[in-house]
Amino acid sequence: MSAALASDSTSYRPTGALDLATALEPYAGPWSARQAAHLARRAGFGGSPADVAHLTAAGMHAAVDGYVRFADASALPSSPAGLLEDRRRPALMPPGGDLVAFRKQIAQAHRADSIALEQWFLDRMIASPAQLQEKMTLFWHGHFTSAYQKGIPAQALVDQNNLFRANALGNIHDLTLAVSQDPAMLRYLDNAQNVKAHPNENYARELMELFTLGIGNYTETDVRESARSFTGWNLDRDFRFVDRPGQHDDGTKTFLGRTGNFTGRDIVAIIFAQPAASRLFADRLLNFFVYSDPEPELVEAVAAQLRANGFVLAPVMATLLRSNVFYSERAYRALVKSPVQFVVGSCQLFGVAASDATMLGALSRMGQRLFYPPDVKGWDGGAAWLNSQTLIARENFASGLMGKMSDGGWLGNAVHTMDPPQVARAVTDTILQGDVSPAAANRLVAYLGGSGEAALGALSGENADERIRGAAYLTMAMPAYQLA
Amino acid sequence: MKRNGFLIGALSGLSVVGSADHFFARALAQTPLGASDDRVLVIVNFQGGNDGLNTVVPYGLPTYYKYRPTLGIAPNDVLRLDATVGLNPALAPLKKMYDAGRVAIVQGVGYPNPDLSHFRSTEIWQTSAPTTYASTGWLGRYLDGAGLPPENLFNAVALADVLPEVLVARTVDVPAIAQLNGYGLASDRRGGVGRDEFHAFAQDAAVPFRSPYLAHVAEIEDHAQRGAEELPQLVAGYTAQATYPATPLGRSLALAAQIVGTKLGTRVLYVQHGSFDTHTTQKATQDRLLAEFAEATAAFYTDLAAHGNDRRVVMATFSEFGRRVAENASRGTDHGTASPLFVIGGAVKGGLYGTQPSLDDLEAGNVKFGTDFRSVYAALIENWLERPSAPIVGGTYTPVPLFA
């Protein structure tokens, strides 16, 4: 970076002190719907009322096991149906064809495939029995970013997404190596153009800056030398990875203090020998799963676990999801739901089994389009998710979702009572595990009983369905529902 | 059943305009806006990459016609500015403003090692950070440091569906409002929920948990609701004194004039126009977009002047890149690099700035930039909005002397 940009250091780290000594020890405190729903929001997207009841009954250890040991999700489609784009893009125009019409056709295929991609991933997140696998896939999608741009065929992004899924809790070192040879990534960060005669530094730079080490842990010389090492890792005509020895710079390179005739494989190995790599992943995981701006001591404690486990993530995530710090009051509702979590979690909560195309527009207005991260550093997240426009988009999504609900079946038996306090309690317990103020709870009772602002008349069999949907909408508008 | 919608249309009973105890009314009564306090910067994004060579046409360079056998604009059609360059004839209304000394044209604006991706180059222009990934926009950083009243929701407004990165700030929440009647909560309320009722729920902060984000969510919620309801009421008293073209840009600039004329304390407005991504059959698309721009801008300044606001408002255009010097086989042009931009307004010292890039010294078929865009930003920040520019544009850049 050439010059410092003005910024302030707003931190959303929770108040209060971290108890480092016990932070990663197993939690042994109370276990109720409150803790179970917290786990469901973090390890998954929130789940259904039945999911939360099941986790509550299972107890903490079994509940975490259920997330970390992925359930069989093979019944879900591993690829969107009916992608239009040829893997070899741009496909050749048929001889004598009309160029303008051909380009239009390509643009239409791109749009259609974009919708198919987004809905495919959304549907997996909504319906997969392996919820943590999908949550991790979303995490990796925002980490090792590639966008549906630059002529990358949709199928290559499906393949990349499945790479994340297959390595969701696997070895991060192996995943990084696989990402370095992933066709979508090779195009997105230009390593496809990185050849001996004309090194392209884009991937080499972002690999260190954003994906593994962070600024300050390497020099410009390291960028150049690693770019030389990645020369020849290109794409073939079928948009597949190819290692072209003839395009590889066979000379000696010096990278992070070591000298040799390195390849990309060596570079990734040297990077993972740096302590900074374990700290970067620990920091990202804590920010995504526990709370924002974690203390450096906590980051180092998780980094040490990553190193001790050879960068295999499953045992580290199991420790984290069982830990005192994870269930501490400091971590409770201490994250802002991403738009994807807001939408997926709402679908799960109200029993919506699959996405529809309107959800894609809603997600875009909320500031998160799957397969279109804003740039190579992914979504900023946290406070940046919320501004006037994105918050209104969330509320309008909630309103639209309630409009589609055919009945209050998601509330279970509570829908059969016409007692406003009971119904209000059922609504807020189901949606927010009771995380509402007494004043809001009273207002909800008044609304349901027809004595709220709009003076609607008493709750009855005739209006209960509409009224309960209104109550759910109001509950989803509460600040707590924006928080994970 | 009775539906108590609380969209704008249902607000007839709510009186905001004319209410003496309203915040804005109070602020205006107490502190008349000084000359440097009521300045407005309007940024117009020419999305998609506008072909600079057919906007400010280098008709005096023979190479231009060699590279543009079908797209070249004939010397006699060009609206001449000097012996080398002239405007695309679609910009006739802008040429009139230029002749009146109110249009500065900065030629050959770009940055080192240009990126030809729409996405990345747009981000570079919006964040003013060509070599790193910044999480705030350059005008967002201006807003963070300008000391504007935090209770004013309308310190800056994006007239767009989605908040553009240029206005992403750390501490200021900028509303994005594509059009007045489309901003706000969906009109079909659930179960007859009342307006105040909804607000009360959405502000529920006395919750049985702590969260470092709770105050932030409640604040944004407050902004979202007040913004959606107050802006239409606030600007309703303004009557346009010009006929705007019935185009999206015309509507945006009409709303911009309303906001400026209502004196809400707004300092920055963002407007978008496009798409200029003319890979095929460029002429029809670009001419239409340039004509729309010139007509809407002329109406905007006519309207502003009629209300005595034309010297308060500077408009600056940008596009993520210009286009390839040589036209392609589809009578279009591919992504390129440097291009000219316009800075317009009653306070602007009109004329040509920078130099027309050479067409005989290209890099991979693209012109080399002569003026770094950050020198233009520095002028807008230092000499118009009157703030130190280095921390905002990311380094020390000599301002282009655009202001008298």
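Read the figures in this text as sums done on the coordinates, not as results from a lab. These numbers were taken from a predicted model, which means no experiment stands behind them. Using ideal geometry, Cβ is built from the backbone for each residue, glycine included, and neighbour counts are taken over all protein chains shown.
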Inter-centroid distance (Cα atoms) of segment A:420-454 relative to segment A:48-68, Å: 26 Å
For A:L483, list long-range residues whose amide hydrogen, built 1.01 Å from N in the peptide plane, is under 5 Å from its own amide hydrogen. A:K337
Beta carbons within 10 angstrom, averaged per residue: use that to sort the peptides A:357-368, A:337-348, highest first. A:337-348, A:357-368
Setting aside same-chain residues fewer than 8 positions from B:K368, which aspartates and glutamates have a Cα under 14 Å from its Cα? B:D115, B:D360
Gaussian network model of chain B, Cα springs within a sub-10 Å range: biggest mean-square fluctuation belongs to which of B:V85, B:V314, B:V109? B:V85
Shape descriptor, the protein assembly as shown: equivalent ellipsoid semi-axes (Cα gyration tensor, sqrt 5λ, whole Å, largest first) stand at 44, 38, 25
Mean Cβ neighbour count within 10 Å, used as a protection proxy, ranking B:49-55, A:304-310, A:423-429, B:93-99 highest first: B:49-55, A:423-429, B:93-99, A:304-310
Hey, with R₀ at 30 Å, roughly what FRET efficiency would B:E151 and B:A305 work out to, going by the Cβ-Cβ distance, to 0.05? 0.45
Against the rule of thumb 2.2 N^0.38 Å, how large the Cα Rg of segment A:407-482 comes out: 0.97
Under a 10 Å cutoff between Cα atoms, tell me which one of B:P75, B:P58, B:P175 has the largest fluctuation in the Gaussian network model of chain B. B:P75
Volume per residue that the Cα convex hull of segment A:147-273 spans, once the total is divided by residue count, Å³: 101 Å³
Exposure proxy check: B:W138, B:W384, A:W385 ranked by fewest other beta carbons within 10 Å? B:W384, A:W385, B:W138
Please compute, for peptide B:219-225, the average count of beta-carbon atoms on other protein chains lying within 10 Å of each residue's beta-carbon. 6
Restricting to Cα pairs below 8 Å that are 6+ residues apart, what does the relative contact order work out to for chain B? Please round to a whole percent. 30 percent
In deg cm²/dmol, rounded to 500, what helix-only [θ] at 222 nm does chain A give when every DSSP H run of at least 4 residues adds -39500 (n - 2.57) and the total is split over its residues? -15500 deg cm²/dmol
So how tilted is helix A:131-143 from the main axis of chain A? Cα-based, degrees 0 to 90, rounded to 10. 50 degrees
When the convex hull of its Cα atoms is projected in every direction, mean area for segment B:248-404 (nm²): 10.3 nm²
Subtract the Cα-Cα distance of B:T132 and B:N76 from 0.36 nm times their separation in residues, and report this length gain in nm to one decimal. 15.7 nm
I'd like the FRET efficiency for B:T243 and B:D287, computed as 1/(1 + (r/R0)^6) with the beta carbon distance as r and R0 of 25 Å, rounded to 0.05. 0.75
With everything on Cα atoms, drop me the angle between helix B:248-261 and the longest principal axis of chain B, reported from 0 to 90° to the nearest 10. 60 degrees
Estimated [θ] at 222 nm from DSSP helical runs (n ≥ 4, -39500 (n - 2.57)) normalised by residues in chain B, nearest 500: -9000 deg cm²/dmol
Can you give me the C-alpha center-to-center distance between segment B:323-375 and segment B:257-321, rounded to a whole angstrom? 19 Å
Between segment B:68-118 and segment B:237-253, the alpha-carbon center distance in angstrom: 25 Å
In square nanometres and to one decimal, what's the mean projected area of the convex hull around the Cα atoms of chain A? 26.7 nm²
Using the Kirkwood radius over C-alpha pairs as Rh, can you work out the diffusion coefficient of chain B via Stokes-Einstein at 25 °C, viscosity 0.890 mPa s, in µm² per second? 110 µm²/s
Based only on other Cβ atoms within 10 Å, what is the fewest-to-most ordering of B:E292, A:E225? B:E292, A:E225
Could you check the spin-label model distance between A:A197 and B:S330? Points 7 Å from the Cα along Cα→Cβ, value in nm. 2.8 nm
Averaged across A:358-365, how many Cβ atoms of other chains sit within 10 Å of each residue's Cβ atom? 1
In degrees, nearest 10, range 0 to 90: what is the angle between the Cα axis of helix B:214-235 and the longest Cα principal axis of chain B? 80 degrees
Taking a cut-off of 23 Å between Cα atoms, list the lysines near A:K377, but don't count ones fewer than 8 places away on the same chain. A:K135, A:K150, A:K337
Sorting A:E329, A:E466, B:E229 on the 10 Å Cβ count, fewest up front, what's the list? A:E329, A:E466, B:E229
What is the distance, in nm, between label points placed 7 Å from the Cα along the Cα-to-Cβ direction at A:A304 and at A:S11? 2.1 nm
Of B:P208, B:P89, B:P164, which has the largest mean-square fluctuation in a 10 Å C-alpha GNM of chain B? B:P208
